[in-house]
Every structure is written in structure tokens, then in C-alpha cells.
Amino acid sequence: MVTELGHFALILAFLVAIVQSVVPLVGAHKRWPGWMAVAEPAATVQFLLTGFSFVALTYAFVTSDFSLRLVWLNSHSAKPLIYKISGVWGNHEGSMLLWVLILTLFGAMAAWFGKGLPPTLRARVLAVQSAVAVAFFAFIIFTSNPFTRLVVPPFDGQDLNPLLQDPGLAFHPPFLYLGYVGLSICFSFAVAALIEGRVDAAWGRWVRPWTLAAWVFLTIGIALGSWWAYYELGWGGFWFWDPVENASFMPWLLASALLHSAIVVEKREALKSWTILLAILAFGFSLIGTFIVRSGLLTSVHAFANDPERGVFILMIMVFFTGGALTLYAIRATTMEAKGVFGVASRESALVANNVILAVSCFVVFVGTMWPVVAEMFFDTKLSVGPPFFNMAFTPFMVVLGLLLPLGSMLSWKRAKVQRAVKQLFPAFILSLLLLGLFWTMQTGTSLLGPVGVFLAAWVISGAVVDLINRTGQTRDLSRLWRLPRSDWGKATAHIGFGITLVGVAGLMAWQEEDIRVAQIGEPFQVGDFELELTAVNQVRGPNYFSTMGDVIVRQDGEEIAVLNPEKRNYPVAQMPTTEAAIDYRFLRDIYVVIGDEQNEGGRVMRTYIKPLANWIWAGSILMALGGLISLTDRRYRVAAGARHQPTPQGVPAE
């Protein structure tokens with residue numbers, strides 16, 4: 001009964017979305033307050049109905065209702081509760097329901113917290129957001145119904161993909177979708193502004209916190225996915241440039257650019273048309289990511305579905321909304337004249353350069369991701385584009401971005417003296433150069449990647465610190481630091497996080513040590529500065545799997561420092577093996593051990609990695625997200641803050 005109610009609530013939400021996408025839009029055009037007022041309660045009702053539908057599906061998974069086809073395909077009675085819950089979104093239909101739930105959540109939040117928006121703009125934003133929801137409600141109901149019943153309920157289910165039965169993958173999709181789908185509200189603001197024919201500083205202030213929130217969630221989601229790939233897949237890397245990884249990374253790059261360009265709109269009323277374009281493209285690339293994951297166009301361990309019919313439906317949604325928005329953008333381009341004028345040497349110019357670098361790097365990733373498809377379709381050639389291409393093509397842009405970041409933060413608005421900023425940053429440059437020399441001296445081999453990465457990281461981090469100190473005034477009264485706006489602290493924290501991630505990536509790629517051998521029980525072997533010994537291999541039974549678990553003692557200078565337990569698991573229901581790496585996490589390095597199959601001559605294949613600074617990658621990502629959250633707490637960036645800059649109907653400035 002609960003399942004049927006959930007299905008009915010989903011259909012009702014679809015009908016409410018249709019009303020919300022039409023009535024407020026007409027009301028805004030005709031200036032009818034009553035019609036515009038429909039948007040806010042409709043957005044709330046739409047979210048509540050979708051939320052009930054999602055809860056109903058979750059209830060079916062938790063209670064193992066195998067009369068529901070989706071539960072039978074993606075769950076099992078012996079599965080731990082956390083994976084029964086995560087099984088709700090560990091499949092195509094359930095993940096799309098989560099997608100729509102988050103879509104309606106952002107629409108409802110715009111209704112709840114957008115009281116300071118002009119009524120016509122608010123109505124149009126909510127109508128556009130609901131129009132996107134209509135498309136995805138139709139997609140779920142007509143092609144991907146999660147509430148389909150089985151005529152004869154089976155005794156038990158087929159289990160969830162074992163790779164997804166992991167805490168990292170339990171939380172990764174919700175955060176990723178909050179970022180992916182969160183960009184939809186930026187898209188709605190952009191389209192509503194185009195319809196209204198007005199983009200000003202207040203619009204930049206309104207759209208910025210939504211972009212920041214989506215960027216924070218997307219950062220957390222990508223970091224969780226990268227961490228999961230690192231410890232779960234057993235290949236020892238943190239990023240493989242997989243098509244689905246790229247599908248989440250491209251919107252992140254554009255959201256980063258949008259976040260910075262919105263600052264220029266807010267501060268100087270410049271880059272209006274470019275910011276609108278970024279808002280459209282950021283969500284457009286989210287739709288491209290959805291298409292890649294669900295169409296079967298590109299294969300990936302992360303892909304949810306490979307149904308061409310569903311892919312065509314998503315492609316139609318993408319073409320309609322992205323193409324329609326770009327058409328409207330072309331029609332309205334002449335109305336978005338920039339008011340602010342700025343010199344070549346200015347913070348505005350630095351932010352423009354930042355935007356160009358991020359946008360071009362996104363285009364590079366897009367070309368590398370889609371080129372195999374293009375080559376096969378038009379040239380009848382099968383090829384693959386792997387990490388070597390991406391590392392070579394993408395890395396230079398990040399190097400330039402890292403060099404530019406501290407200098408751009410120090411420049412003044414409108415016109416700046418570059419010499420003054422360079423003088424203030426000179427100590428940071430010297431420190432970075434000394435660290436480069438130190439690591440170059442310590443390094444064996446000829447690769448520049450490690451020292452250059454350390455230099456860039458030190459430059460970005462020390463530049464952020466100098467920028468903060470510079471804001472204490474000429475007297476360098478450090479007590480003024482605590483009175484700085486939270487957005488300044490958020491910016492510094494995010495930039496420091498970016499620097500820490502840079503040094504983690506550089507250290508891991510430049511100084512990693514790898515050892516592959518057949519390890520005999522009781523025979524120690526050396527890897528770098530560490531001695532490892534496989535002491536036993538045991539058969540262990542888990543809640544819904546069988547495991548072959550090794551006991552590996554790690555010693556340094558003759559002292560035992562860790563006991564690691566790498567595993568090879570087999571899930572009998574899903575008939576699928578998985579590799580569980582064992583990792584000794586430390587501040588400056590990880591010891592990463594993977595156990596393989598037993599060999600005919602005895603012993604087992606073992607892969608051992610010494611991974612310097614690996615944890616710095618995710619620590620930096622956490623700091624970047626934390627910086628975004630700190631900025632969000634700044635009262636100036638609340639959604640309604642821009643309303644204080646709007647005149648009242650009588651023309652008197654509002655308080």
C-alpha cells in the first residue's frame with residue numbers, strides 16, 4: 001500500500017510541477033500577483049510529494065519488499081541496513097528519483113529564502129525550475145518507473161552491485177547530486193533574468209550563494225568518489241579520467257568559473273553576458289553528465305544504465321533546455337551591457353583570466369572524453385583517450401591557474417598597481433622557490449612534477465596567507481583578522497585547500513613507489529624504507545560475502561608499525577568478486593597493500609604501494625568545501641541580501 005501511495009504522490013508532484021511551470025510565468029508576464037503567488041506553495045507541495053515518494057521507496061528497500069521489481073534487482077535480505085538504504089539510489093530508477101527530489105528541494109528553498117527577490121523574477125525562477133522538474137518527472141514516470149510490481153514476488157533479491165556496498169559510495173551520490181542538480185537553480189536564475197531582460201549587481205548577489213552551495217556539494221561528492229576509487233577498486237589511484245569521473249568534473253570547473261565571474265557582476269556590473277552563459281553551460285554539462293552515465297554511450301564502472309531509449313529521452317531534455325536557453329541568450333545579448341569599466345591590471349582582469357583558464361580546461365576534458373565516440377561515429381576508428389592525454393593537456397592549465405591565483409587575489413578592483421602586489425607577495429615567492437629547491441635536492445630521478453607541485457602549492461597557500469595579513473592594514477594589526485568578513489576567510493580557506501590538494505597530487509604522482517611480487521607466508525620483503533611480511537591467509541565470512549583475508553605485518557627500522565588485512569571478497573548472490581585494499585594511513589604517506597590470487601608454486605600475488613602525501617588530496621578537498629561553507633555564512637551572501645540594494649516602489653533605498 002505504501003508503494004502505491006508513493007507512486008501516486010509522484011504522479012501528483014508531476015501535475016503540480018506542470019501547473020507551477022505555466023501559471024507563475026503567465027502571471028509574471030501579465031503582472032498578475034495572484035498567479036505569481038501560486039509558485040511558492042506549489043514549490044513546497046511539489047517537494048513534499050516527491051519526498052513522500054522517495055520515503056516510500058526507501059521503506060520498500062528497508063523492509064525487503066521483493067514484490068517491487070527495483071528492490072528485487074538491487075537488494076537482498078542479508079544485506080546490512082546501510083546498504084539497503086543506499087540501494088535506493090544505487091540504481092538507475094532510484095537515483096533518478098533522488099535527482100528529482102533534490103531538484104524540487106532547490107525549488108522549494110528558492111521559494112522559502114527568496115522573499116527579497118522582485119516578485120516577477122521570483123515567479124520566473126520558480127517556473128523555470130519547475131519546467132526542468134516536469135521533464136524529469138516525465139522521464140521517470142514514462143521510462144524509469146521505480147514502483148513497478150512483479151506478478152509473482154520472489155523469495156529473495158539479486159543483491160546490490162558489491163562495488164557499491166561501501167560507506168564511501170553510500171554518501172557519494174547524494175552529495176554529488178546536490179551539486180549536480182544544485183546548478184539547476186543557477187540555470188533558472190539565468191533564464192529568468194534573460195526573460196526579464198535585466199542582469200545587475202543584485203542578480204549577481206542572488207545567484208552567488210546558490211552557485212557556492214552547489215559548488216561545495218559537488219566538491220564533497222567528487223572527493224568522496226575519488227577516495228572510494230582509491231581504497232575500494234584496488235588499482236591504487238585516485239583519479240583515472242574515467243568518462244563518468246569527467247562528467248562530474250566538468251560542471252565543477254564551470255561552477256568554479258561561475259562563482260568567480262558572479263563576483264565581478266556583483267562588484268562591478270561587468271561580465272554580465274559571460275556569467276549568464278556560464279550559468280547555462282554549468283547546468284548543461286550536468287545534463288551531459290547524466291546523459292553519459294545513463295545512455296550507454298560510454299562504458300564505465302560508475303555507469304547506471306545502458307538503455308539507448310532512455311539516453312535519447314535525456315538527450316532531448318538536454319537539447320530543449322540548453323538549446324532553448326542559448327537561443328534566448330542570443331536574442332537578449334544586446335540587453336546585457338556591461339556598466340563597469342576596468343583596466344588591464346585589475347582584479348576584474350585576473351578573474352577574467354581565471355574564467356578563461358577554467359572554461360578552456362573544461363573544454364579540454366570534454367574533447368578527451370567524447371573523442372572516442374566522435375572517432376568511431378565519423379572515422380570508423382576505435383580508440384581510447386586515457387590518463388596520459390589528460391595529464392599532458394590539463395596539467396598546464398592548473399599550473400597557470402596556480403601561478404595566477406595569489407596575484408589576482410591581491411590586485412585592487414578597477415585599476416591596480418601590479419608592482420605593489422608583486423612586492424607584497426615577494427616573501428611568498430621566495431618561500432615557494434626555497435621549497436622547490438629543497439625538494440629538487442632531496443628528490444632522486446629527473447622528474448620536475450614533484451618540486452613544481454610543491455612550489456605551486458606553497459605559492460598558493462602562502463599567497464592566501466599574505467592576502468589575509470594584507471587586509472589588516474599598514475599597521476599589521478592582527479586583531480583585525482577576526483573582524484574580517486567571513487567571505488574573506490572562506491576564500492583564503494578554499495585557496496589554501498586548493499594548494500594542499502596540488503601538493504598531494506604532485507607528491508603522489510612523482511614519488512610513489514610500487515612493488516608487485518609473489519609473497520610467501522613467513523618471508524619478509526622490503527619496499528622502500530619498510531619491511532612487509534605476509535604471516536597468514538584466512539577465510540572469513542561477512543554478512544553477505546565470503547572473504548580471503550591476509551595478515552600483513554609492516555615494520556620500519558625493525559619495529560612493527562602496523563598490521564594490515566587486505567581482502568578478496570566474493571558475493572555469492574551477485575556472483576561478483578571485489579578487492580579490498582588495506583591501507584595504513586599516515587600524515588606524510590600511506591602504505592597500500594592488495595592481495596591477489598594464490599599461485600601454483602605457493603604464495604600469493606601482492607601489490608604494495610608507498611604513497612607520499614596521498615591524504616593531502618582529500619584534506620585539501622575538505623578545506624575547499626569548508627571555505628565555501630564559511631563564505632555561505634557571511635550575511636552579505638544570503639539569498640535575499642541583494643534586496644537591500646533594490647529601491648522601494650517609491651524610489652527610496654531600502655534599509
Query raised in the report: Taking the condition over 35 Å from the mean Cα position of the chain (by Cα), surrounded by 16 or more Cβ atoms within 10 Å (Cβ to Cβ), in a strand (DSSP E or B) and not hydrophobic (A, V, I, L, M, F, W, C), does ASP584 pass?
Result: no
Query raised in the report: Does any residue in the stretch 300-326 that is farther than 18 Å from ALA133 by Cβ and modelled with pLDDT of 65 or more come within less than 6 Å, Cβ to Cβ, of a residue that is in a strand (DSSP E or B) and among the β-branched types (Val, Ile, Thr) six or more places away or on a different chain, and which pairs are these?
Result: none
Report task. Residue by residue through the stretch 85-138, note down the ones that are surrounded by fewer than 20 Cβ atoms within 10 Å (Cβ to Cβ) and small (Gly, Ala, Ser). Result -> GLY116, ALA138
Query raised in the report: What number of residues in the stretch 217-235 are in a loop (DSSP other than H, G, I, E, B) and either hydrophobic (A, V, I, L, M, F, W, C) or surrounded by 22 or more Cβ atoms within 10 Å (Cβ to Cβ) (or both)?
Result: 2
Query raised in the report: Does the stretch 40-53 include one or more residues that are under 22 Å from SER144 (Cα atoms) and surrounded by fewer than 17 Cβ atoms within 10 Å (Cβ to Cβ)?
Result: yes
Query - Sole exception among (1) touching a residue at least 12 places away in the same chain (Cβ under 8 Å); (2) more than 25 Å from LEU431 (Cα to Cα); (3) in the same structural domain as VAL399 (by TED's automatic domain parsing) for THR501, by number - result: (2)
**Report entry** Subset of the stretch 190-204 (residues that are acidic (Asp, Glu) and either under 26 Å from the mean Cα position of the chain (by Cα) or assigned to a loop (DSSP other than H, G, I, E, B) (or both))
**Finding:** ASP200
Report summary line: Exception for PHE171 within (1) closer than 30 Å to PRO543 by Cα; (2) within 19 Å of the chain's Cα centre (by Cα); (3) buried (at least 20 other Cβ atoms within 10 Å of the Cβ) falls at (3)
Query raised in the report: From the set of residues in the stretch 353-392 that are modelled with pLDDT under 85 and among the hydroxyl-bearing types (Ser, Thr, Tyr), which is nearest to ALA257 (Cα to Cα)?
Result: SER384
Query raised in the report: Can you tell which of SER77, SER64 is surrounded by fewer than 16 Cβ atoms within 10 Å (Cβ to Cβ), in the same structural domain as LEU105 (by TED's automatic domain parsing) and assigned to a loop (DSSP other than H, G, I, E, B)?
Result: SER77
Query raised in the report: For the stretch 409-423, does any single residue satisfy the condition of being closer than 24 Å to ALA193 by Cβ, in a helix (DSSP H, G or I) and among the hydroxyl-bearing types (Ser, Thr, Tyr)?
Result: no
Query - Residue satisfying condition, being of a type in the set (Val, Ile, Thr) and under 22 Å from MET96 (Cβ atoms), within set THR290, THR211, THR275 - result: THR290
Query - Every residue from the stretch 550-581 that is in contact with a helix residue (DSSP H, G or I) (Cβ under 8 Å, 6 or more places away or on another chain), more than 25 Å from ALA619 (Cβ to Cβ) and assigned to a loop (DSSP other than H, G, I, E, B) - result: ALA574
Query raised in the report: Does the stretch 473-483 contain any residue that is in the same structural domain as GLY402 (by TED's automatic domain parsing) and either surrounded by 15 or more Cβ atoms within 10 Å (Cβ to Cβ) or at pLDDT 90 or above (or both)?
Result: no
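The values are calculated or read from the model by the stated rules, or taken from the named source; none is laboratory data. Not measured: the values here are computed from a predicted model. Cβ sites come from the backbone with ideal geometry, for glycine too, and all protein chains shown count toward neighbours.
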